[in-house]
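To start, the structure itself, in structure tokens.
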Amino acid sequence: MSRRRTDAFPPEAFTAELASQETARVKELHAAGILRQIWLRGDLPGAAILWEAASEQEVRDAIGSLPIFKAGMLELVALVPLKPYPGFATK
């Protein structure tokens, strides 16, 4: 889960060009299969992203490639590894 650093950057810092670059990179990561799903947060600017990767470092590298993160305008709030839920497994 991420949060846009609106406390440190004025609204005009989040330009249309930067948003376009971010969208393009998100689409690339989705096409590569590492970014599985993305939702915009409803409480404040930011996103919740479901990643699929072999390691946490792979996810951190992908997050680090996002233009808004590179610009220092995005804060990683939580990165939580998930495990399969066994309740749906067949016996």
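The values are calculated or read from the model by the stated rules, or taken from the named source; none is laboratory data. All values derive from a computational prediction rather than experimental measurement. FYI the Cβ positions are ideal-geometry reconstructions off the backbone, even for glycines, and counts take in every protein chain you see. Please note that ligands, DNA and RNA were not included when accessible areas were found on the heavy atoms of the full protein model with its side chains. Shrake-Rupley method; radii C 1.70, N 1.55, O 1.52, S 1.80 Å.
Please give the contour-minus-distance gain from VAL77 to GLU58: 0.36 nm per residue of separation, less the Cα-Cα distance, rounded to one decimal in nm.
On the way: separation 19, 0.36 × 19 = 6.84 nm, distance 1.72 nm.
That pair, VAL77 and GLU58, stretches by 5.1 nm at full extension.
Share of region 30-78's accessible area from carbon and sulfur, percent, 1.4 Å?
Numbers: 1590 of 2950 Å².
After summing per-atom areas, the C and S share lands at 54 percent.
What list of ³J(HN,Hα) couplings, whole Hz, do you get for region 40-53 from phi and the Karplus terms 6.51, -1.76, 1.60, once you set θ to phi - 60° and write x for glycine and proline?
In residue order, the calculated couplings are 7, 5, x, 8, 6, x, x, 8, 10, 10, 9, 9, 10, 8 Hz.
Where only protein heavy atoms count, and the probe is 1.4 Å, what is the accessible area per residue for the chain in Å²?
Details: 6530 Å² over 91 residues.
Accessible area per residue: 72 Å².
Helix 16-32: angle to the longest alpha-carbon principal axis of the chain, degrees 0 to 90, nearest 10?
Tilt relative to the chain: about 20 degrees.
For ALA47, what charge total do you get from the other residues with a beta carbon under 12 Å from its beta carbon, if Lys and Arg give +1 and Asp and Glu give -1?
Details: positive: ARG3, ARG4, ARG41; negative: GLU22, ASP43, GLU75.
So the surrounding residues net to 0.
With the Cα gyration tensor of region 3-91 in hand, give its eigenvalues times 5 under a square root as the equivalent ellipsoid semi-axes, listed largest first in whole angstrom. Provide the component values of the computation, followed by the final result.
Working: eigenvalues 153, 42, 27 Å².
Gyration-tensor ellipsoid for region 3-91: 28, 15, 12 Å.
Protein chains only, probe 1.4 Å: how do PHE14, PHE69 rank by accessible area, largest first? Please report the intermediate quantities before stating the final value.
On the way: PHE14 35, PHE69 75 Å².
Sorted descending by solvent-accessible area, the residues read PHE69, PHE14.
Rank GLY46, GLY87, ILE68 by how far each Cα sits towards the positive end of the charge dipole of the chain (+1 on Lys, Arg Cβ; -1 on Asp, Glu Cβ) and give me just the farthest.
GLY87
Could you work out the local net charge near MET1, counting Lys and Arg as +1, Asp and Glu as -1, over the other residues with Cβ closer than 15 Å to its Cβ?
On the way: positive: ARG3, ARG4, ARG5, ARG36, ARG41, ARG60; negative: ASP43, GLU56, GLU75.
Residues close to MET1 contribute a combined charge of +3.
Using 1/(1 + (r/R0)^6) with R0 = 25 angstrom and r between the beta carbons of ALA13 and LEU40, what's the FRET efficiency to the nearest 0.05?
Numbers: r = 18 Å, r/R0 = 0.73.
Calculated value: 0.85.
Placing +1 at every Lys and Arg Cβ and -1 at every Asp and Glu Cβ, with all other atoms neutral, what dipole size does the chain have around its Cα centre, in debye to the nearest 20?
Working: 11 positive and 11 negative charges, 68 e Å.
In total the dipole reaches around 320 debye.
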